[in-house]
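Read the figures in this text as sums done on the coordinates, not as results from a lab. For clarity, every value in this text was computed on a predicted model and none was experimentally measured. Quick reminder, even Gly has a Cβ in these numbers, built from the backbone with ideal geometry, and neighbours come from all protein chains shown.
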Number of protein chains: 2
Amino acid sequence: MPPFPAATAPERLLLGAGPSPVDPRVLAAQAQPTVGHRDPFAFAVAEQVADMLRTVFRTRNTATLAVAGTGTAGMETAMLNLVEPGDTVIVGVNGSYGARVADLARRAGAEVVELEEPWGRAVPAERIESALRAHPETRVVALVHAETSTGVHQPLAEVGALLAGTEALFVVDVVTSLGGVPLEVDAWGIDAAYACTQGCLSVPPGLAPVTFSERAVDRLRQRATSVRSSYLDLTGALAWWGPEHDDHHAVPVNALLGLHEGLRIVLEEGLETRWARHAEVGELFQDHVQDRDAVLLADAGHRLPQLTTLAWPAAVDAATLRRRLLDEHGIEVAGGTGGFAERGWRVGLMGQAARHEVVDRLLDAVDELLEG
Amino acid sequence: MPPFPAATAPERLLLGAGPSPVDPRVLAAQAQPTVGHRDPFAFAVAEQVADMLRTVFRTRNTATLAVAGTGTAGMETAMLNLVEPGDTVIVGVNGSYGARVADLARRAGAEVVELEEPWGRAVPAERIESALRAHPETRVVALVHAETSTGVHQPLAEVGALLAGTEALFVVDVVTSLGGVPLEVDAWGIDAAYACTQGCLSVPPGLAPVTFSERAVDRLRQRATSVRSSYLDLTGALAWWGPEHDDHHAVPVNALLGLHEGLRIVLEEGLETRWARHAEVGELFQDHVQDRDAVLLADAGHRLPQLTTLAWPAAVDAATLRRRLLDEHGIEVAGGTGGFAERGWRVGLMGQAARHEVVDRLLDAVDELLEG
């Protein structure tokens, strides 16, 4: 067959549920010549990436690295490595990502206790507490910090305190929160957290930053059964990221260079400044979009600034509005999903997108389409 | 913490076991602005990538796509989706990659029958035939087309013919062969094949091209148990790559743009011309390196042109020579591994590296170091 013509990517303003807009510096960094994953240069880049990730996760965990896959690969790395068949795992399920965590825990062989909450609500710490009393054999408690399907901001510190001194590991999904809202892995007693690159870090998708406490790594070392995946076996990844640099599988070094540059940008800004920027811009958008009669779907007091779920009034065709926003203005927002599908939108103001001028551009385009 | 300085990748000539040198066109393609994986542009790119992969795999399989991970993720996708706990799986083990296939089949729950052959030899079809007689319940037979640890070129057509009409699926590892040596997925009766991008396709690592026959997809549809991974569940990947474009997890669209451009380069050259180029350049190198008293480790008649394993005479410190080649000449070759570790090298002349001038540059550098 003759080859297709070259693919020329359109310029989009990415305000969906990820990916977020990527700084040209990051794109240029990952377009550098490919280097082998056994090259001393690759080891040095990995060490710096791990160090910068520790700063962003707020942890001293040695076992901090990027898994060679997207966010779901990070989720699965946590579940497959920390869960053995028959283990009891408590999962907060208040949206699609919580449901996915429960599914992955089951595939890893767990007996899953699902704590269901209505879409839009956080999981109360008291529910975890009573579930732990009912299931004292619990080995893992898993919560989603930023539920991308509902826009809910899950409090974590109280749950972490609850789990201190128990046998249960605290596993947290920070896919859409890392680098966007406060997260304190060590101070909140989190044993494992996994993220993606294409959320508040504003790096193209392809890697999943993860961190595991010493307690979590001990759990892995003491497994009676082998991990059900080789690709996502953390022992292999730790061997390459550790001082021995043994390679377990190929490492996407170009993607790692992109993450390196993306983390440099995060640290140049400063993590706390970045959190404050997300909080301010997200709140501004949420105020202004309510002026257009949109209804926010996440509970007040538990709203993520970087990911807003909203419903348009019945008179507005939300799906058409979204399609026209992409076609006529080059702006991507995400549709609602699951319990929030009808009339719903999900608007991400993550990383590079959390800026006043971005909110202005989005609202101007929406106004034009609503009036047109 | 203050950020690290920017990471500037050194220029390397990549002649190891992968990655291979990447054309600047591919690097530029994947440095285009990030586009969402729910964008119609991403769907169009994916459809074209799948079409071009069909040409390169020589198949009409609908289920042809790129998994969001490196080659091992492709291997695991094949094993986890096609193997159910208790299934008998016959695996040819004549090097590290065969051993990895056996490990992955076991993690997927298989009863594995390992057909061990000495390093450097191919697995004879007669061994498969007698194993099938001894294990008529066999559900999968797996072989490695290009054993990257030994440089052995495994014949496949006869085994495919043997399996026709049996219940056993034929799964083939083409990680280091796709785009470099003849491969005929449909004509040879192969049910599943998986590759990487950083071998003879000369695209940075991060995606695993895979193809599955209708018979293989039926096997997946009829599973009694759920696949042990969600990330590598083929049903999810097929949903995004298929006409419904349902997303199962994020897709690394930038990497996909790189693969798109890399496949365009393959088709511009023509697949058969590319095979001939690899054959000619590999043979040339193998002749010339023997003139330097290196001993080729793969059996004559079963040598891969794109990946040569060799041992230097006892007087040569192979590890030091290799390190100096990298440090003083910027040329990466791989060390021997497993049974071929001692005095061994693995030299990849894959994709963009399979050129006369590359062989000249390598041999000139080796000569200078050997004389120095």
Note to self: C-alpha centroids of the stretch A:335-360 and the stretch A:87-127 sit apart, in Å, by 24
Label-point separation in nm, B:E184 to A:R215, each point 7 Å along Cα→Cβ
6.0
Assuming R0 = 35 Å, what is the FRET efficiency of A:Q222 and A:A44, from their Cβ-Cβ distance, to the nearest 0.05?
0.60
With the dipole of chain B worked out from charges on the C-beta (+1 for Lys and Arg, -1 for Asp and Glu) around the Cα centre, which of B:V289, B:L363, B:S20 lies farthest toward the positive end?
B:S20
per DSSP, antiparallel bridges as share of beta bridges in the protein assembly as shown, % nearest 5, sits at 50
Report, as a whole number in µm² per second, the diffusion coefficient that Stokes-Einstein gives for the stretch B:271-371 at 20 °C and 1.002 mPa s using the Kirkwood radius over alpha carbon pairs.
156
The stretch B:223-265 scanned against label point 7 Å out from A:A341 along Cα→C-beta; backbone N under 15 Å for B:244-248
For the residue pair A:T62 and A:A276, what label-to-label distance in nm results when each label sits 7 Å from Cα along the Cα-to-beta-carbon direction?
3.7
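Counting pairwise Cα distances across the stretch A:222-268, what percent come out greater than 16 angstrom? Spell out each step's value before the answer.
On the way: 603 of 1081 pairs.
The proportion of pairs with Cα distances above 16 Å equals 56 percent.
Roughly how many debye, to the nearest 20, is the charge dipole of the stretch B:1-118 about its Cα centre, given +1 on each Lys and Arg Cβ, -1 on each Asp and Glu Cβ, and no other charges?
Details: 9 positive and 13 negative charges, 84 e Å.
The calculated dipole for the stretch B:1-118 is roughly 400 debye.
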Peptide-level mean, for B:61-72, of C-beta atoms on other protein chains within 10 Å:
3
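Between A:E158 and A:D51, take the C-beta separation as r, use R0 = 22 Å, and let me know the FRET efficiency to the nearest 0.05. Show your work: numbers first, answer last.
Details: r = 30 Å, r/R0 = 1.35.
My answer for the efficiency is 0.15.
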For the rotation taking A to B, I'd like to know which residue in chain A has the C-beta closest to the axis, plus that distance in Å.
A:A31, 2
Total charge dipole magnitude, the stretch B:271-371, about the Cα centre, Cβ charges on Lys, Arg, Asp, Glu only, Debye to nearest 20:
400
Tell me the distances, shortest first, between A:H135 and the same position across the other copies, using label points 7 Å along Cα→Cβ, in nm to one decimal.
3.7
Among DSSP beta bridges lying fully in chain A, give the percent that are antiparallel, nearest 5.
50
For a footprinting-style exposure proxy, rank A:E47, A:E147, A:E167 by other Cβ within 10 Å, fewest first.
A:E167, A:E47, A:E147
Quick one: dipole size for chain A, taken about the Cα centre, charges +1 on Lys/Arg Cβ and -1 on Asp/Glu Cβ, in debye to the nearest 20.
620
From the label point of A:G338, set 7 Å from Cα along Cα→Cβ, how far away are the matching label points in the other copies, in nm, ordered shortest to longest?
4.3
Kindly provide the pair-distance distribution of the stretch A:70-148 built from C-alpha pairs, with 5 Å bins from 0 and whole-percent values in order of increasing distance.
3, 17, 29, 24, 19, 7, 1
At B:A315, label 7 Å along Cα→Cβ: distances to the other copies, nm, ascending?
9.3
So between A:E328 and A:L370, what do we pick up on full extension, going 0.36 nm a residue minus the alpha carbon distance?
13.8 nm
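What is the calculated FRET efficiency for B:L363 to B:D317, with r their C-beta to C-beta distance and R₀ = 22 Å, to the nearest 0.05? It would help to have the intermediate numbers written out before the result.
On the way: r = 18 Å, r/R0 = 0.84.
Once rounded, the FRET efficiency stands at 0.75.
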Cα point-scatterer Debye curve for chain B, base-10 log of I(q)/I(0) at q = 0.08 Å⁻¹
-0.40
In whole angstrom, note down how far apart the Cα centers of the stretch A:4-30 and the stretch B:294-323 are.
43
When only alpha-carbon atoms count, how far does the protein assembly as shown stretch along each of its three principal axes, as whole angstroms with the largest first?
78, 49, 46
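For n ≥ 4 DSSP H runs only, could you compute -39500 (n - 2.57) per run for chain B, divide by its residues and tell me the 222 nm figure to the nearest 500?
On the way: 12 runs with 147 residues, N = 372.
Rounded to the nearest 500, it is -12500 deg cm²/dmol.
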